[in-house]
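Data block below; observations after.
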Amino acid sequence: MSAPDGSPVGAERSIGQLFASATTEMSALVHDEIALAKAQLKQDVKRGAVGGGAFTVAAVVLLFSLPMLNFALAYGIRTWSGWNMALCFLLSFAANVLVAIVLGLVGVLFFKKAAKSKGPQKVAASVKETAGVLGNAKPHPRAAIEDRVPEAIEAVARSSS
């Protein structure tokens with residue numbers, strides 16, 4: 001197993017290697033956060049487009065189907081029931097309005113889903129949390145060089161003997 005910079009995990013790395021590794025990981029984190037924000041925004045736009053399409057279809061169905069469907073349905077009701085022609089046209093109009101209401105409700109549901117989704121807000125919160133963690137990170141306390149000089153001299157003396 002090795003670290004991101006290719007050095008063995010147990011080996012002691014220099015400050016430059018640690019800094020390069022941290023920079024690489026931070027860059028990857030930022031790129032991943034941006035990709036996540038794009039994906040969530042794309043999903044929200046898609047939901048909004050489906051909702052808008054449903055409203056458009058509802059309007060088109062109501063507008064273009066009324067004349068033809070009203071006549072066909074009214075004459076069909078008249079044939080089956082023998083009721084007055086005015087009542088048959090009223091029933092056919094009510095059926096068209098019912099279809100438009102159902103399609104309108106479908107559009108409202110999709111708009112609510114798009115508004116409820118907090119894609120970019122989730123990513124922004126995640127980025128703020130990451131920045132907060134990194135801002136509170138403290139460097140490892142190291143002993144002063146003067147304190148470690150005797151230890152270093154002893155280590156060199158042992159290795160050379």
Do the conditions hold for G82, that is, is it of a type outside the set (K, R) and either touching a Lys or Arg at 6+ places or on another chain (Cβ under 7 Å) or closer than 27 Å to A59 by Cβ (or both)?
-> no
For N96, are the conditions met, namely being of a type in the set (S, T, N, Q), in contact with a Phe, Trp or Tyr (Cβ under 7 Å, 6 or more places away or on another chain), surrounded by 15 or more Cβ atoms within 10 Å (Cβ to Cβ) and more than 30 Å from A124 (Cβ to Cβ)?
-> no
Going through the stretch 46-79 one residue at a time, which ones are among the polar types (S, T, N, Q) and under 14 Å from A94 (Cα atoms)?
-> S65, N70
For the stretch 62-91, name all the residues that are of a type in the set (G, A, S) and either at pLDDT 90 or above or out of contact with any Phe, Trp or Tyr (no Cβ under 8 Å at 6 or more places or on another chain) (or both).
-> S65, A72, G76, S81, G82, A86
I77: passes all of (1) more than 18 Å from V106 (Cα to Cα); (2) among the β-branched types (V, I, T); (3) out of contact with any Ser or Thr (no Cβ under 8 Å at 6 or more places or on another chain) but (3)
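Here is a list: V61, V50, V57, V30. Which entry is in a helix (DSSP H, G or I), under 30 Å from S126 (Cβ atoms), among the β-branched types (V, I, T) and in contact with a helix residue (DSSP H, G or I) (Cβ under 7 Å, 6 or more places away or on another chain)?
Working: V61 fails: under 30 Å from S126 (Cβ atoms); V57 fails: under 30 Å from S126 (Cβ atoms); V30 fails: in contact with a helix residue (DSSP H, G or I) (Cβ under 7 Å, 6 or more places away or on another chain).
Residue meeting the stated conditions: V50.
Yes/no per residue for (1) free of Cβ contacts under 8 Å to residues at least 12 places away in the same chain; (2) surrounded by fewer than 17 Cβ atoms within 10 Å (Cβ to Cβ):
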position: M68; (1), (2): yes, yes
position: A74; (1), (2): no, no
position: S81; (1), (2): yes, yes
position: L87; (1), (2): yes, yes
position: S92; (1), (2): no, no
position: A100; (1), (2): no, no
position: G104; (1), (2): no, yes
position: F110; (1), (2): no, no
position: A115; (1), (2): yes, yes
Select from the stretch 40-66 the residues that are surrounded by fewer than 15 Cβ atoms within 10 Å (Cβ to Cβ) and of a type in the set (A, V, I, L, M) and write down the one among them that is farthest from the chain's Cα centre (by Cα).
-> L63
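Are any residues in the stretch 14-61 under 16 Å from G104 (Cβ atoms) and modelled with pLDDT of 85 or more, and if so, which ones? Can you show your working first?
Step one: list which residues in the stretch 14-61 are under 16 Å from G104 (Cβ atoms), which gives 48, 50-61.
Listed by number, the residues that qualify are G48, V50, G51, G52, G53, A54, F55, T56, V57, A58, A59, V60.
The values are calculated or read from the model by the stated rules, or taken from the named source; none is laboratory data. Not measured: the values here are computed from a predicted model. Neighbour counts are summed over all protein chains in view; Cβ atoms, including those assigned to glycine, are modelled from backbone coordinates with ideal geometry.
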